[in-house]
Every structure is written in structure tokens, then in C-alpha cells.
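Structure record follows, encoded as C-alpha cells.
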Amino acid sequence: MELWSALCLLLLCAFHLVSAQITTDPDEVTALNKIVDHWNLVNHLNLTIDPCNQNATWASETANPRVACDCTGSTCHITHLKVYALDIVGDIPRELFELKQLKDLNLGQNVLSGRIPPEIGQLSNMQYLSLGVNNLTGPVPPELGNLTKLVELSFSSNQFSGPLPLDLGKLTSLQQLYIDSSGVTGPMPQELGNLKSLQTLWASDNLFTGKLPEFLGTLTQLIDLRLEGTLLEGPIPISFGALTKLDILRIGDLSKEDSSLEFLENLTSLSMLSLRSCQVSGKIPELIGKFAKLQYLDLRFNKLSGPIPDSFQEFTLLQFLYLGNNNLSGQLPTSIISPKLIALDVSFNPISGNLPPNSSTDGFSMNVLGTSINANGLSDRGVPGLLHCLQGDTKCTNKLPEKSSFSIKCGGTSQKSVSGIEYDDDSEILGAASSYKSSRNQWAVSNTGNFIFNSNGPQYSAHTESQITETLESELYKSARISPTSLRYYGLDLKNGKYVVELHFAEIEMEDTHSWKGLGRRLFDVYIQGERVVQDLNIQKEAGGSKRALIKTFETNVSNTIMDIHFLWAGKGTCCIPYQGTYGPLVSAIHVYEVSGAGSSSKSERKRVGRIVGISLGCAAVMIIMSSVFYLWWIKDEAEPRHIRIRTEMRKK
């Protein structure tokens with residue numbers, strides 16, 4: 001027995017001796033040292049010991065940066081490299097591709113720039129590759145197709161250009177593909193139909209063109225499919241009916257041909273279904289009410305007609321129901337509001353009915369603008385008949401309109417500007433589907449949508465303590481209304497005539513830094529009186545940075561006493577920088593006045609004459625060009641309103 005114990009001890013010592021002699025491939029050590037120098041990581045990775053030392057601080061699974069190795073042979077090889085969210089700058093060094101045994105490379109949430117070198121194709125053992133949230137440019141390299149062992153690939157939120165390479169179709173082991181907001185364009189390659197193992201595809205906010213591909217319906221392992229904010233055309237292929245494992249389906253912003261909901265018949269595993277702005281026509285099938293797992297249903301901005309199915313009363317888990325801006329008719333099912341329901345939007349549909357008393361329970365929000373629904377005491381906060389009057393079917397008021405202006409401090413408390421304009425309080429807490437009318441009945445606001453993936457909970461206003469530059473009205477921009485989809489303001493009981501609309505913006509959520517947190521892009525559209533006046537507005541870009549004031553000015557006509565100003569998210573822009581749910585319309589203040597000048601102070605007039613319709617100017621720029629603008633207005637033809645000519649001539653003198 002003692003002999004056996006001695007023998008075991010001898011073998012154990014021999015094992016430790018051999019283990020101590022195992023070292024990392026010297027070429028990989030050299031390459032790693034150069035990578036550390038290139039990205040200035042010396043404070044994080046002090047490689048005075050063997051990088052594959054299992055006791056090193058960078059070896060644990062939670063370390064960042066992290067280096068992990070495979071030491072099963074006589075030589076250790078680096079298999080895992082994580083440099084995540086450390087704001088590393090510069091390009092991807094060629095030395096990285098000397099680590100040929102890499103299986104997991106995570107360079108996400110940095111500020112890497114330049115192209116992905118074609119040498120990336122040498123990393124043929126790669127299983128997990130994350131390059132998302134950087135500033136990489138150029139085409140997506142076809143050499144990625146050599147990484148046939150890839151299980152997960154992410155290059156979301158970059159600045160690539162050109163089409164996706166056909167070679168991505170070689171990645172037949174791929175289960176997760178994240179390419180949203182990556183900058184790619186053109187048709188989606190047919191070769192992606194080879195990715196039969198794919199479970200997750202995020203491809204929103206790219207300029208894809210052509211038809212929504214039929215081949216996506218052959219990827220029957222898909223669980224999560226997102227395609228919003230593209231240039232793709234409908235219809236939704238009937239082949240999508242084979243995607244029976246789908247848990248999340250988000251398609252939006254399709255153009256041209258109409259779609260139907262027939263493909264949904266067997267997609268009973270859905271917990272989230274969003275087909276916003278997809279040209280969906282016809283009736284809502286009764287079968288949707290049988291989807292027992294459904295928690296979120298969004299069919300807004302389509303062409304749906306007929307009644308809301310009675311089967312919707314059978315939903316047991318549904319929390320968010322968005323049916324606004326369709327042509328749905330008939331009665332609202334009286335039992336549609338369940339204890340689970342958080343938000344109901346049926347606005348701008350010719351439906352009617354009464355809501356049960358329990359519809360006013362805490363935490364529940366509802367938008368019934370543009371309907372004939374009796375909202376149990378809420379109707380006095382909305383605008384009855386708004387849909388029909390906006391369509392010109394009826395008069396919007398029987399009273400003699402007296403108002404010729406209104407001003408709103410969006411998302412904040414009332415304040416008087418330096419120029420003397422009184423901005424009304426708009427600090428009412430809005431919900432995921434709600435509307436509100438001002439205390440003086442001058443205007444109303446409507447919000448629909450929910451930041452469902454925001455871990456901080458739903459927020460429909462934004463605030464900052466930072467100073468706002470390029471303006472003398474910093475306080476005006478320190479709060480703002482935000483919306484995940486649709487934010488509308490209505491001026492009420494206005495005199496008919498020509499109006500000037502001033503929209504005030506400042507990006508106060510997305511940062512303006514050299515960090516990865518400064519890589520976000522907010523894009524949304526602006527409609528006035530139903531006409532799109534701005535597409536893909538990027539406040540930060542136009543203002544020249546974050547927390548800088550931007551004013552956009554337009555002229556429009558009021559012919560039925562109502563002004564409709566609509567801020568709409570069309571699926572474009574990043575979703576999650578600097579945190580989840582950072583996207584959608586944002587507006588700081590609105591000032592509307594009749595061209596005749598009624599309801600506006602002389603101080604504000606002095607400021608306004610420096611603005612040309614459709615052009616955004618900072619206060620400093622106004623002062624610089626004011627004299628030139630005076631001259632140009634002075635020589636206009638006699639059709640110009642006389643009060644403007646007189647005011648200009650007096651100042652010219």
C-alpha cells in the first residue's frame with residue numbers, strides 16, 4: 001500500500017512538472033503583445049507572465065479584457081479574446097490573425113475604425129465573433145464565409161457600405177446573426193437561404209432593396225426575426241407561414257404591394273407580433289385571438305378593415321395591443337380589457353362602443369383619439385370626432401375659432417422664454433397608449449408605443465441638467481417628449497389661414513463623446529398636416545452635436561381649425577446606444593403662430609424674421625445673416641403680406 005501511494009505521488013509530481021513546462025505558442029505571444037501595444041491595453045493586460053497562465057487575472061470567465069487558452073496539447077493556444085466596451089480606438093491590427101486557434105473573439109462596443117482585413121478568413125476555428133457597435137467601414141468582407149464553424153456573428157451598428165457578401169451563405173452552422181444598423185445595402189442575398197440552422201436574425205435599419213425575400217420562409221428554425229426600417233417591398237410572403245417556431249416577429253415599413261395576414265395561421269408560438277406600416281389589408285383573422293402566448297400585438301398604420309375580432313377577448317397574456325391608424329369599424333369588444341392589458345391603442349379608426357368601468361385601473365393606458373368610443377370620463381381629455389374632421393368629413397368645431405397661435409414646452413413645465421413666448425405645461429405623464437388635452441383646450445397630445453426592451457422601464461420624456469448651446473433659451477431644451485413610435489400634437493380651434501410652425505430640438509439622450517456611447521443615431525420623420533416635411537431627421541447631425549439647439553421652421557395652412565404635427569419613427573436608427581430603448585421621436589418645444597402675427601409678441605417677431613421656411617438656424621447665425629434676409633424680403637413681390645413688408649422696411653430704415 002505504501003509503495004502504491006509513493007508511486008501515485010511520483011506520478012503526480014511528474015504531471016505537475018510536465019504541466020509547468022507547457023507554454024504558449026511563442027508566435028501567439030508575440031502577436032498578443034503587439035495587439036496590446038496597438039490598442040494601448042498595457043494597463044489591462046500586463047503580459048509579464050505567460051498569457052495562458054490559468055491563475056492570471058485575465059483568465060477568468062468574467063474578466064475584461066479576457067485571454068483564455070486551450071492547453072490540452074504540448075503547447076497552449078489562445079482560443080478566447082475579449083476586449084469589450086473599453087473604448088479602444090484605431091483599426092484591427094494584422095497581428096490579430098496570427099491567433100489562428102481563436103474560437104471566441106469579442107470586440108464589441110468600442111470605437112474601432114477602418115475596414116475588416118480580409119485576413120479574418122484565416123480564423124477558421126472561430127465559433128463566436130462579435131464586432132457590433134463600432135465605427136468599422138468599407139464592405140463586409142467575403143472572407144467571413146471561410147469561418148464555417150461560426151455559431152454566432154454580430155456586426156451590428158457599424159458604418160459598412162455595399163451589399164452583404166454572398167459568401168455568408170456558407171455559414172451553415174450559424175444560429176445567430178446580428179446585422180441591424182450595419183449600413184449594408186442592396187438585395188438580401190438568396191444564399192442566406194442556406195442558413196437552415198439560423199434561430200435569430202436581426203436585420204433592421206439597413207437599406208435593403210427589392211422584395212421581402214421568400215427564402216426567409218425556409219429558415220424554419222427561426223425564433224426571432226426583425227426587419228424594420230428598410231427599403232424592402234411587400235407583400236409578406238405566404239412562405240413565412242412555415243416559421244412555426246417564431247417567438248418574435250417584427251416586420252415594418254414595407255412599401256408598394258399590400259400584404260395579408262393569412263400566413264399567420266400556424267404561428268401560434270408568437271409572444272410578440274409587430275407588423276407596423278406593412279401595407280396590410282383585409283380583415284384581422286379570428287385565429288389571432290387563439291394565440292395563447294401572445295403578449296404584444298402591433299398592427300398600426302395599415303389598411304385593415306372590418307371589426308375587431310371577438311376572439312380578442314380570449315387573450316390571457318396580452319399586455320400591449322396596438323391597432324391604431326387603420327380602417328377598423330364596428331363595436332369595440334367590451335371584454336377586450338383584461339387585467340393583464342397595459343396599453344390599448346385603437347385611435348384613428350371608425351369604431352365605437354363603451355369601455356367597461358375597470359378600464360381605468362392603475363397602470364392601464366388607452367388611446368381612443370379619432371374614435372366614437374365613450375371612454376368613461378376620458379373623452380373630455382381627448383378630441384371627439386378628430387378623425388373625421390382631419391379627413392374633412394365634418395367640421396372640427398361649431399364655435400367661431402378665436403385662436404391664432406399656441407406654444408408647448410414638450411415634456412416639461414410651463415415657462416416664459418427670453419423672447420417673451422409663453423410655453424404651456426406639457427408635463428402630464430403619458431403612457432404606452434394615451435392622449436391628453438391641455439387645460440385651456442388649445443392643443444392635445446397623443447403617444448403610442450412602448451420601449452419594451454428598456455430595463456429602466458417606460459420613459460416618455462427626457463431631461464438633462466446640462467447647458468444647451470447655440471441658443472439663448474437653454475432651459476427650453478432641457479426637457480423633451482420622446483416616443484418609441486408615434487407622437488402627435490394638435491392645435492385646436494385655430495383660425496383658418498397660413499401658419500408658421502417652429503419645432504425646437506436638442507439631442508439630450510445620445511451622447512456626443514469619443515466613446516462607443518457616442519455612436520448612436522436617432523432618426524425619425526416629421527409630418528405637418530399629413531404631409532411629410534422631414535424624412536430621417538437626425539437632430540445630433542444637423543445641430544452639429546448633442547445638447548445643441550436646432551430649430552426647424554415651416555409654413556402650412558389650416559383649413560378646418562386643426563393643426564396636426566406628427567413625429568413618427570419609421571424603424572431607422574440605432575436602438576440601444578447608449579442603452580436599450582434609445583430611439584424614436586424627440587421634440588423639445590413647439591411654437592405655432594399665424595402668418596399675420598396674431599398672438600405673438602414683438603420680441604418674438606424680432607427673433608423670428610431671421611428664419612426662412614424649412615431652414616434651421618442657431619441664434620448666432622440669425623444675427624449674422626439678419627440684414628441680408630431683411631433685404632431679400634423687402635424686394636419680394638406685392639403678393640407678400642403687407643404687414644411683413646412694412647415691418648421690414650421700418651427696420652431697414
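What the phi angles of the stretch 365-372 give under the Karplus curve with 6.51, -1.76 and 1.60, with θ = phi - 60°, is a coupling list of 10, 8, 10, 10, 4, x, 10, 10 Hz, glycine and proline written as x. Mean projection of the Cα convex hull over all viewing directions, computed for the stretch 21-165: 8.1 nm². For the stretch 472-533, list log₁₀ I(q)/I(0) at each q in 0.20, 0.24, 0.30 Å⁻¹, using the Debye formula over Cα point scatterers of equal strength and ignoring solvent, two decimals each. After summing over all Cα pairs, the log10 values are -1.07, -1.27, -1.39.
In this simple spin-label approximation, residue 498 and residue 463 carry label points 7 Å from Cα along the Cα→Cβ vector, and these lie 4.1 nm apart. Please work out the C-alpha center-to-center distance from the stretch 24-66 to the stretch 176-211 and express it in whole Å. Cα centres, the stretch 24-66 to the stretch 176-211: 35 Å. Karplus-derived 3J(HN,Hα) values for the stretch 231-238, using 6.51 cos²θ - 1.76 cosθ + 1.60 with θ = phi - 60°, are 9, 5, 10, x, x, 5, x, 5 Hz; glycine and proline are entered as x. The phi-based Karplus calculation (6.51 cos²θ - 1.76 cosθ + 1.60; θ = phi - 60°) puts the 3J(HN,Hα) values of the stretch 272-287 at 9, 10, 10, 10, 6, 6, 10, 6, 7, 10, x, 9, 7, x, 4, 4 Hz, whole numbers, x for Gly and Pro. Computed from the C-beta positions of residue 60 and residue 541, the FRET efficiency with R₀ = 35 Å rounds to 0.30.
The value of relative contact order for the stretch 399-599, using C-alpha pairs under 8 Å at least six residues apart, is 28 percent. Translational diffusion coefficient of the stretch 430-532 (Stokes-Einstein, Kirkwood radius from Cα pairs, 20 °C, 1.002 mPa s): 133 µm²/s.
Relative to one another, the C-alpha centroids of the stretch 289-303 and the stretch 455-497 are positioned 30 Å apart.
Taking N as the number of residues in the stretch 406-456, what is its alpha-carbon radius of gyration divided by 2.2 N^0.38 Å? If you can, show how the numbers build up before the last one.
Values: Rg = 13.2 Å, N = 51, 2.2 N^0.38 = 9.8 Å.
In units of the 2.2 N^0.38 Å rule of thumb, it is 1.35.
Kindly provide the trypsin sites (Lys or Arg not before Pro) of the stretch 278-372 that DSSP labels as loop, not H, G, I, E or B, and whose Cβ sees at most 10 other Cβ atoms within 10 Å.
Sites meeting the loop and neighbour criteria: none at all.
For the stretch 436-538, the set of chymotrypsin sites (Phe, Trp or Tyr not before Pro) satisfying both a DSSP loop assignment and a count of at most 11 other C-beta atoms within 10 Å is given as 453.
Can you check what the Kirkwood hydrodynamic radius comes to for the stretch 399-599, Cα pairs only, in Å to one decimal?
Evaluated on the stretch 399-599, it is 17.0 Å.
In the stretch 153-302, one over the average inverse separation of all distinct C-alpha pairs is 15.4 Å, which is the Kirkwood hydrodynamic radius. Annotation: amide H of residue 185 within the under-5 Å range of 162, 164, sequence separation 5 or more or interchain, hydrogens built in the peptide plane. Pairwise Cα distances in the stretch 239-300 exceed 19 Å in 22 percent of cases.
Each value in this text was obtained by applying a stated rule to the coordinates, not by laboratory testing. Worth saying up front: this structure is predicted, and the values here are computed from it rather than measured. All Cβ positions, glycine included, derive from the backbone under ideal geometry; neighbour counts span all protein chains shown.
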